[in-house]
Amino acid sequence: MLRIRSRRPGRLEPAYALLLLPALAVYVLFFVYPAAGTFYYSFTNWSDVHPNQVSFVGWRNYRSIFREDIYVTGIRNTLTYAVISTILINALAIPLAAALNRGFRTRALLRSVFFMPAVFSPLIIGFLWSYLYSTSDFGLINRGLAALGIGKINFLGDSDIAIYAVILTQVWQWVGYNMVIYLANLQSINPEYYEAAKLDGAGPLQSFGRITLPLLAPAITFCTVTVMISGLKVFDIVYSLTSGGPGHATETIVSLMVKKGTRRRLLCLRLRLRHRIRRDGRHHHVFAA
Amino acid sequence: MTFDGKLYGLPQASWFNGIYYNVDLFKKYNLQIPKTLDEYFAVAKTFQDNGIKPQAIGLKNANVAMQSFIALALNDYIGMPEGKGFDEAFRTGSASMKEALLPALNTWTEYLKRGIFTKDMLGLEEEQAIDEFTSGKAAMFQTGPWYMDTFKQKNPAMNIGMFPNLGTKGGPGWMVGGPGVAFGINAKSTAKEAAFQVLELLSTPEGQEAYWNDNKGGSSFLKGVEFEMPAEYRDAQEAFKQGNVYFPPNGWGALRNPIIDELGKMIQAVVGGQETPEQALASVDKKAAALRSK
């Protein structure tokens, strides 16, 4: 330890550098190179139909994104999703963790129950909730609402509320997971602080606001950032619950990328194959289906 | 499936969809099988008056929404002499959906105006729509023979028939459908011999029958092999006899899949009231143009 500390910071021994190389090579090959390549191609007219006739087009592709309503919808939905899910998940996970940090008999059981949804793939969650949300007479939630005398809510079929219905399932799924992270952080807080505060006459709310919250900062940072990141790239739950519908009402940035990129690419790959077979250079969009 | 005059694949059997109906419910209310869309709407009215959903439909699935519209478009335009060249013209860009299919889509909105299809159904999965059909809450359901086993499992006592998809002008009606999957063999496959044997076997009348047993209702492409259509499809006989089985997107070339998706989504938007029929088809045309110019 001492020897390392005595060295100048920032100098890398050749032996250590060598050990870093394999990981660095993989990282550059599978992340840096494709990312930089994608960035470069975003300023060109590259298309999968004409992959060899590439010329520079400046900002054209970027401008076209904002001209199409569907992309604007996608960006708006993604931001809505990321912000609301980040706020709700954290706002619910912290009090839940604080409550389940207290000593009572069913504590362990309740912790498992709240954590459980995080175990399932969002695809399964989507399948499950699409039944719960259903407007059919067999839809559980709407049945409950009907029993309460409230009318049917078309959770996934009403384009004004579908995105919020999607967010709700993800809040339900991920509150427990984030609660566990908050719990771990809570357990690292020295109980003596609370004792001291109590002696000084602080109530439970004051303790929570003045001790718990500030000392939870590391977990808050972690949870906020991770939930926000996964929110900005949300795709799986949208795909399984609504496929971006009804219409394009719940499309997100990634769901559009998948649709515009992959799905068409697959088609065009087939197309390109045909071109290669024909070798006559003409553009034939024909193929028997 | 041919390419440069060479045969690359031969479909095993055809697929189609039409309108399944609950025979007992039709009997109970003394209803005749509709032959035109107007007759269909009259039948629907009777069911509505008796608290039964005329037709279950899982509009949450964009493809389902597309199938319903394309069935009407097929009857009223694409399957008529004047619409014969539409698919080819749409593929190359010399015809637009808005010009050709707007009347059909306007007619299709009658389903909405009459409350047969509702916004609620945008929140319904196909499986849930099937539940409504097999439990007798709904009297009709558009799909193909692949769901027959599901119907029978869910309600073994149910009597089911099928009539073709209808249009405003009458006639034998149309089944939405076409050739099913074709098998191809990888030229570099290590199991090529075995694969050829499977193909050979499938190409015998016995093989066709075994294949057909799992997909009852389709017809064979093997000469001389004709299956007796199950009784359920009696009311659709005339459409089959006329060869009225067609899936327009099969003529759209590379536009097929993305446009199927966009058309379905836009039909959903029409149901939800976010787009007028005109806007919806214009949006599909715009997407088609973008795909053609790639």
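Read-outs: derived from the displayed coordinates by stated rules, not from any lab. In this text, all values refer to a predicted model and were calculated from it rather than measured experimentally. So basically every Cβ, Gly included, is an ideal-geometry build from the backbone, and we count neighbours across all protein chains shown.
Who wins for biggest fluctuation among B:F117, B:F26, B:F141 in a Gaussian network model of chain B, springs between alpha carbons below 10 Å? It is B:F26. Kirkwood hydrodynamic radius (Cα pairs, Å) of the range A:127-183? One decimal place: 12.4 Å for the Kirkwood radius.
Based on the reciprocal of the average 1/r between different C-alpha atoms, the Kirkwood radius for the range A:1-103 equals 19.8 Å.
Arranged from fewest to most other beta-carbon atoms within 10 Å of their beta carbon, A:W59, B:W174, B:W108 become A:W59, B:W108, B:W174.
Measuring between alpha carbons in the structure, the pairs from B:K53/B:K113; B:K35/B:K154; A:K259/B:K265 lying more than 23 angstrom apart are B:K35/B:K154.
The antiparallel fraction among DSSP beta bridges confined to chain B stands at about 75%. Counted without the sites themselves, the longest stretch of chain B free of GluC sites (Glu not before Pro) in a DSSP loop having at most 16 other beta carbon atoms within 10 Å is B:1-225.
Remark on B:Q55: its backbone amide H falls under 5 Å from those of B:A139, B:M140, a criterion applied only to residues 5 or more positions apart or on other chains, H modelled at 1.01 Å from N. Taking the Cα centre of the protein assembly as shown as origin and assigning +1 to Lys and Arg Cβ atoms and -1 to Asp and Glu Cβ atoms, the resulting dipole is close to 2320 debye.
Ranking B:L105, B:A62, A:N190 by how far each Cα lies toward the positive end of the dipole of the protein assembly as shown (charges on Cβ) leaves A:N190 at the top. Rg/Rh, computed from the Cα trace of the range A:68-241 with Rh as the Kirkwood radius, has the value 1.05. For the range A:142-154, backbone phi angles converted through the Karplus equation (6.51, -1.76, 1.60; θ = phi - 60°) give residue-by-residue couplings of 5, 5, x, 4, 5, 5, 7, x, 8, x, 4, 10, 8 Hz, Gly and Pro being listed as x.
Enclosing the Cα atoms of the range B:58-106 in their convex hull gives a volume equal to 78 cubic angstrom per residue.
Averaging the Cα positions of each part gives two centres, and for the range A:140-214 and the range B:84-130 these lie 43 Å apart. Out of every Cα-Cα pair that the range B:88-131 contains, those further apart than 15 angstrom amount to 62 percent. In order along the range B:258-266, the Karplus-derived 3J(HN,Hα) couplings, from 6.51 cos²θ - 1.76 cosθ + 1.60 at θ = phi - 60°, round to x, 7, 4, 5, 5, 4, x, 5, 6 Hz, and Gly and Pro are given as x. Per residue, the convex hull spanned by the Cα atoms of the protein assembly as shown amounts to 254 cubic angstrom.
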